[in-house]
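Below: the structure, in structure tokens.
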Amino acid sequence: MNRIDRPPHPGRGGQARNTPKGRVADAQSQAEIDALLGESPRRRDLLIEYLHLVQDHFGQISARHLTALAEALRLSLVEAYETATFYAHFDVVKGDEAPIPALTIRVCESLSCAMAGSHDLLAELEKATDQNIRVQPVPCIGQCDCAPAAVVGQNVIAPANTHTVMAAAQAQQTEPDEKCETTFDAYRAQGGYALYERLLSSEQEANALLELLDQAGLRGMGGAGFPVARKWRAVRGMNGRKAMVVNADEGEPGTFKDRYLLEKDPHRVLEGALIAAHIVGADEIYFYLRDEYAGLRTTLAREIANLPAGWTPIHLRRGAGSYVCGEESALIESLEGKRGYPRQRPPLPFQSGLFGRPTLTNNVETLYFVRLIAEKGANWWREQGCNGATGLRHYSVSGRVKNPGVKCAPAGLTLAQLLSDYCGGMAEGHELAAYLPGGASGGILPASLVDASLDFGTLEQYGCFIGSAAIIILSDKDDLKEAARNLMAFFADESCGQCTPCRLGTAKSLQLMKGETWDLSLLDDLAQVMRDSSICGLGQAAPNPVQSLVEHFPHLFAEIPK
């Protein structure tokens, strides 16, 4: 007898089971989920989108609704459960647990906000709220220039204080605030999409643009700095159906440039994505936006819907609160409706990425510059840099400066130039002590290196890197060891847990950093293991703040034996 011919496995009492093994959805829950999904397709890759629907509609994800959703998508309950519980923004309620309060206030506790007093704000809000409001400390929400920042429901309050947060909570506003300076019609009136339309009708012009980007030397602005033209050519040269992914999941503490660019000129980014997809031959674009940008999500959904029919379709997808999904392969896993676990390589995403297709992934800022280079030329772009660098960058600047924010400035400029020419200098009463050149993972540099060039490949000699150009300024009033603890706490909290070196290494490092006396030898051993054997950049870069602090600020550890 083969497996197909075998009779159903009997349940208790010898009766054949006529229902699926395990938890079964009740009729009411099935009806509620069916009504919520409507005519939407029942596909695995939409699991996270549908979990958001359940969360937004019911205020939480109950066991019964999760079971019904799993059945609707023909998934095992464990597949749905492991995805739902992986992401921080899903409130999965087990069994008879008490329901989640109707309103959640999230207060950022990452470095820039912590420096601005977010821990005091948290304490004040916990005293001011009742059991109907939940107050949560959360990692960076991309509002570092207006620290401290909070989110009431889905509405950002930045800068935040107890009065403004409680006023927003009492107003019970349900729709997020939108910010959009350029609509489709306005962008069209300024020559927008003319380049894309020319490319659609001329293969020769597509080849010319690819060559132009090569000559300009445009590099990816998401952190790695990989040459854009080389990346596009690699995907273009692959056979079969291809996909394009826009990575708008900036979660690095100190980084908020993508939010700024999408609020300022979303269609410039969308046109860059359409151009890239056309040149590499991708027939679909997936735009992955971090969940903290709720108002921006509403804007993008409307503006994408305004694009003409017949253009490459753009699917807007919503993150769910996971820093590691900024890593290319983890983001792809999330787009497929799974946990954001980074993939082992090879194959690389350009060989086998989203749904197994050759996939091009670009960062928001990278795509923003494509039209600009096409209009002004490769030579113009190369002349914009300074100190041997080429092009422009958007620096996210926060911390102890007079004028924080996104600064479009020459690549390769020094921190001294950035502070004096773009930020109005240090904040009143503060003197520069240290700075983070590349967000949480980029390390910590001393004030003595204020004249170091800020560009790809220039800071590695000091044990740091520029990454996404998230500049956090620390002063003589800040505790540098506490800053390093804050950064390691972020990595420990955001580790996906897939690999042991990162999962245990970040937690153990944080434990060793709790007191004033640090075991530097053990911290160094942990750092080496994490760098050598972590699957992705989170674990590999997590030791950077500690290692650079020990290297550049030895006086903080002068009495501690190594």
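The values are calculated or read from the model by the stated rules, or taken from the named source; none is laboratory data. Since this is a predicted model, take the numbers as computed values, not measurements. Glycine gets a Cβ as well: all are built from the backbone with ideal geometry, and neighbour counts include every protein chain shown. Areas reflect the complete protein model, heavy atoms only, side chains present, ligands, DNA and RNA absent. Shrake-Rupley method; radii C 1.70, N 1.55, O 1.52, S 1.80 Å.
Leaving ligands, DNA and RNA out of it, report the carbon-plus-sulfur percent of the accessible area of segment 456-507 at a 1.4 Å probe. In segment 456-507, the share of accessible area belonging to carbon and sulfur is 51 percent.
Give me the percent of the accessible area of segment 305-360 that comes from carbon and sulfur atoms, probe 1.4 Å, all protein chains in place. The nonpolar share, carbon plus sulfur, comes to 51 percent. Packing here is the average count of other Cβ atoms within 10 Å per residue, and on that basis the peptides 99-109, 261-271, highest first, run 261-271, 99-109. Taking every DSSP bridge with both residues inside the chain, close to 45 percent are antiparallel.
Distance between the pseudo-spin-label points of Lys94 and Cys408 (7 Å out from Cα toward the beta carbon): 5.0 nm.
Quick one: if the Förster radius is 25 Å, what FRET efficiency do His163 and Asn132 give, using the C-beta to C-beta distance and rounding to 0.05? If you can, show how the numbers build up before the last one.
Working: r = 19 Å, r/R0 = 0.76.
So the FRET efficiency works out to roughly 0.85.
Where the only charges are on Cβ atoms (+1 Lys, Arg; -1 Asp, Glu), what is the dipole of the chain about its Cα centre, to the nearest 20 debye? Don't skip to the end; give the middle numbers.
Numbers: 54 positive and 68 negative charges, 363 e Å.
Taking the Cα centre of the chain as origin, the dipole is about 1740 debye.
Determine, for each peptide in 479-487, 364-372, the mean count of other beta carbons within 10 angstrom over its residues, then list the peptides with the highest first. Don't skip to the answer; put the middle values down first.
Details: 479-487: 19.6, 364-372: 24.3.
Ranking, from highest mean packing down: 364-372, 479-487.
Backbone amide hydrogens, once placed in the peptide plane, bring Leu316 within less than 5 Å of Phe287, excluding anything fewer than 5 places away on its chain.
Shown for segment 48-89: the carbon plus sulfur share of the solvent-accessible area, taken with all protein chains present and a 1.4 angstrom probe, equals 54%.
With a/c under 1.5 counting as rounded, go ahead and sort segment 464-562 into rounded, prolate or oblate using the C-alpha gyration tensor (a ≥ b ≥ c being the square roots of the eigenvalues; past the cut-off, prolate if a/b is larger than b/c, else oblate).
Values: a/c = 1.77, a/b = 1.26, b/c = 1.41.
It is oblate, given that a/c is not under 1.5 and a/b is not larger than b/c.
For the chain, what is the accessible area per residue in Å², given a 1.4 Å probe and the full set of protein chains? Walk me through the intermediate numbers first.
On the way: 23910 Å² over 562 residues.
Heavy-atom SASA per residue in the chain reads 43 Å².
Starting with the highest mean, order 429-438, 71-80, 141-150, 42-51 by the number of other Cβ atoms within 10 Å, averaged over the residues of each peptide.
Working: 429-438: 21.1, 71-80: 16.8, 141-150: 25.4, 42-51: 18.8.
Averaged packing, sorted descending, gives the order 141-150, 429-438, 42-51, 71-80.
Taking the dipole about the Cα centre of the chain, with the C-beta of Lys and Arg at +1 and of Asp and Glu at -1, give me whichever of Val138, Cys325, Gln547 is farthest to the positive side. About the Cα centre, the residue reaching furthest to the positive side is Cys325.
What FRET efficiency comes out for the pair Gln204/Arg42, r = Cβ-Cβ distance, R0 = 35 Å, nearest 0.05? Walk me through the intermediate numbers first.
Numbers: r = 43 Å, r/R0 = 1.24.
That pair, Gln204 with Arg42, gives E of 0.20.
Using only side-chain charges placed at the Cβ, +1 for Lys and Arg and -1 for Asp and Glu, the dipole size of segment 389-510 relative to its Cα centre rounds to 260 debye.
Set against the labelled values (i) 21, 57, 21, 0; (ii) 20, 53, 24, 3, 0; (iii) 16, 31, 28, 19, 5, 0, P(r) over Cα pairs in 20 Å bins from 0, in percent computed from this structure falls on (ii).
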